[in-house]
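Just below is one structure, and these are the notes that go with it.
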Amino acid sequence: MFTDPTPFRRPILCSLACAAACLAIPLAAGVAHAGDPTDPLVPGELMLRAENPKLLASALATLSASFSDVGVLSQIEGRPIYLVSYGLTPKQTPDDVDLVIDALVLSSTITWGELNYEGQTGEGRTDSLWLSGLGLGHAHYDGQYARDLLGLDAAHKRSRGAGTIVAVIDTGIDSTHPALSGRVSSAGVSFVAGSPSFLDIGDGVDNDGDGLVDEQVGHGTFVAGLISLVAPDAMLLPVRVLDSEGRADNFELARAVAWSIDRGAHVINMSLGEDYESLTLEDLVLEAASRGIVVVGAAGNRATDDPREYPACNDRALGVTATGWNDLRAPFSNFDVRMDLAAPGGSVLFGGGADLARSIVGPVPGGEYAVWEGTSLSAAFVSGTAALVRAQHPTWPNASVPAGLVFDTVRATLGQTGVDIDALNPGFAGELGQSRISASGAVAVGPIAPPRGDINLDGFVAAPDLAALLSAWGPAAGGARADLDADGAVDARDLTILLSVW
């Protein structure tokens, strides 16, 4: 176990033992069959979808006939999706619950039902820690190899992501970090029990018993920084659902997606995964895609295609694998024929240090910068690029591209304009995604995006935009273009932003 006297810092790791803990990407013990979860079950909890109160009551009555302590624990806002408790006798197992769920589905009492499992970040799953104390500054973050590889300078001449909202479902975001100043919405939320703040903070406890305390604190801030590096004018919406060990259960993940949908997100970044193909999460990912929202998932860091991780392997989410500075598959990256895209995520690490010219650099809480690696970071680069493309088409969905086609259009744009890396990775051809993304290539096929503050979409920030902002003054629906800081209201803060870009 490695400790540091400051709460938001991981030290340079110098010993061989420390380097092994930080740099090794071990496979999970044993080999699971596809679809068999290795993630832990949440005892005494199941989830179901019942389309009306009468059907819900019937389902609860049926469950109560077989199990004790049956009752509704929670509901996803605005949807007939419920978290339900149950108790088992010493002779009963969760398999008995599955059998009753199957019977309820067959009788059309519920649309679907399932037991609740945990998910987590790929980096938390493999105990990967970020490295700080390397003398890093903003210049290292801004000039990292991914900038040139993705063509960000050229991309930003056509789009900077203005007008888009990227929900970051993660450990929270340190909105005070200089790299994220003015780019994080104040309307974030926390679904972490007992911690209402959306900030990226820990509790000082080794909750998962792996010998590391708060090892995933900084994950959400790092991911947010990479999204912002690609799409600097996009607003980041913090959705804190992962605890400081990087964990959350299926129900909370689905609830976070639902919340992001309702708050107007255009892109939802999920740098996390679960190896159980949750119907609850799938339901919300499908809803997001049907409403024109792009969900991005990380492939996972176990160097395998079995077990698969979700939502990356969901057909209505963009699954992202990791490559290094040379476009070779990162050694830790999962791979699968279901993957959509590849993106930078590999770093060159050695003996507790890093080759900064070939590593991923991002912000971490406390105003610092660090080096990390993982498919979580690759997903962030894809989310940022999706925001660039989405910003070029502020009228979507429309008659030409209805809501149900926005996701497919963005997926096709990113896939067809990227760099084909199959020849460089012959052993993984077809399993790393259609291409390694190119931000400059993706925006080259679309129009120049309206700048930040261009509310009426005429290509300029001028008096008509001020008039539009004033006419929209007050509470704003999610994603309203005049709500420049994405906080749910058009007010003085938005006016200040508009005047600053006039």
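The values are calculated or read from the model by the stated rules, or taken from the named source; none is laboratory data. These numbers come from a predicted model, not from an experiment. Using ideal geometry, Cβ is built from the backbone for each residue, glycine included, and neighbour counts are taken over all protein chains shown.
Find the strands (runs of 3 or more DSSP E) located wholly in the stretch 283-347 whose residues include 1 or more that are in contact with a Pro (Cβ under 7 Å, 6 or more places away or on another chain) and assigned by TED's automatic domain parsing to the domain that holds residue 401, and list them.
294-298, 318-323
Looking at this structure, is residue 426 surrounded by fewer than 19 Cβ atoms within 10 Å (Cβ to Cβ), within 23 Å of residue 304 (Cβ to Cβ) and at pLDDT 95 or above?
Yes; evaluated as a whole, the condition is true for this residue.
Can we say residue 479 is out of contact with any helix residue (DSSP H, G or I) (no Cβ under 6 Å at 6 or more places or on another chain), on the phi > 0 side of the Ramachandran plot and in the same structural domain as residue 291 (by TED's automatic domain parsing)?
Against the criterion (out of contact with any helix residue (DSSP H, G or I) (no Cβ under 6 Å at 6 or more places or on another chain), on the phi > 0 side of the Ramachandran plot and in the same structural domain as residue 291 (by TED's automatic domain parsing)), residue 479 does not qualify.
Which of the residues spanning the stretch 200-214 are closer than 23 Å to residue 184 by Cα and acidic (Asp, Glu)?
200, 203, 214
Which one of these is hydrophobic (A, V, I, L, M, F, W, C), modelled with pLDDT of 95 or more, outside the structural domain of residue 339 (by TED's automatic domain parsing) and crowded, with 21+ Cβ neighbours inside 10 Å: 449, 439?
Being hydrophobic (A, V, I, L, M, F, W, C), modelled with pLDDT of 95 or more, outside the structural domain of residue 339 (by TED's automatic domain parsing) and crowded, with 21+ Cβ neighbours inside 10 Å holds for just one of 449, 439, which is 449.
Kindly provide the set of residues from the stretch 453-489 that are farther than 28 Å from residue 157 by Cα and hydrophobic (A, V, I, L, M, F, W, C), ordered by number.
Matches in the stretch 453-489: 470, 472, 473, 476, 477, 489.
Go through (1) touching an Asp or Glu at 6+ places or on another chain (Cβ under 9 Å); (2) assigned by TED's automatic domain parsing to the domain that holds residue 286; (3) closer than 25 Å to residue 184 by Cβ for residue 474 and report which single condition fails.
If we test residue 474 against (1) touching an Asp or Glu at 6+ places or on another chain (Cβ under 9 Å); (2) assigned by TED's automatic domain parsing to the domain that holds residue 286; (3) closer than 25 Å to residue 184 by Cβ, just (2) comes out false.
Select, from 83, 150, the only residue that is farther than 21 Å from residue 267 by Cα and either touching a residue at least 40 places away in the same chain (Cβ under 8 Å) or under 25 Å from the mean Cα position of the chain (by Cα) (or both).
83
Regarding the stretch 214-225, can at least one residue be identified that is among the acidic types (Asp, Glu), closer than 30 Å to residue 279 by Cα, buried (at least 24 other Cβ atoms within 10 Å of the Cβ) and outside the structural domain of residue 491 (by TED's automatic domain parsing)?
yes
Please tell me if residue 345 is under 17 Å from the mean Cα position of the chain (by Cα), touching a residue at least 40 places away in the same chain (Cβ under 8 Å) and closer than 21 Å to residue 441 by Cα.
Answer is no for this residue.
If I ask for residues that are in a strand (DSSP E or B) and either closer than 19 Å to residue 170 by Cβ or outside the structural domain of residue 295 (by TED's automatic domain parsing) (or both), which ones from the stretch 348-376 would you list?
The answer is 360, 361, 362, 363, 364, 368, 369, 370, 371, 372.
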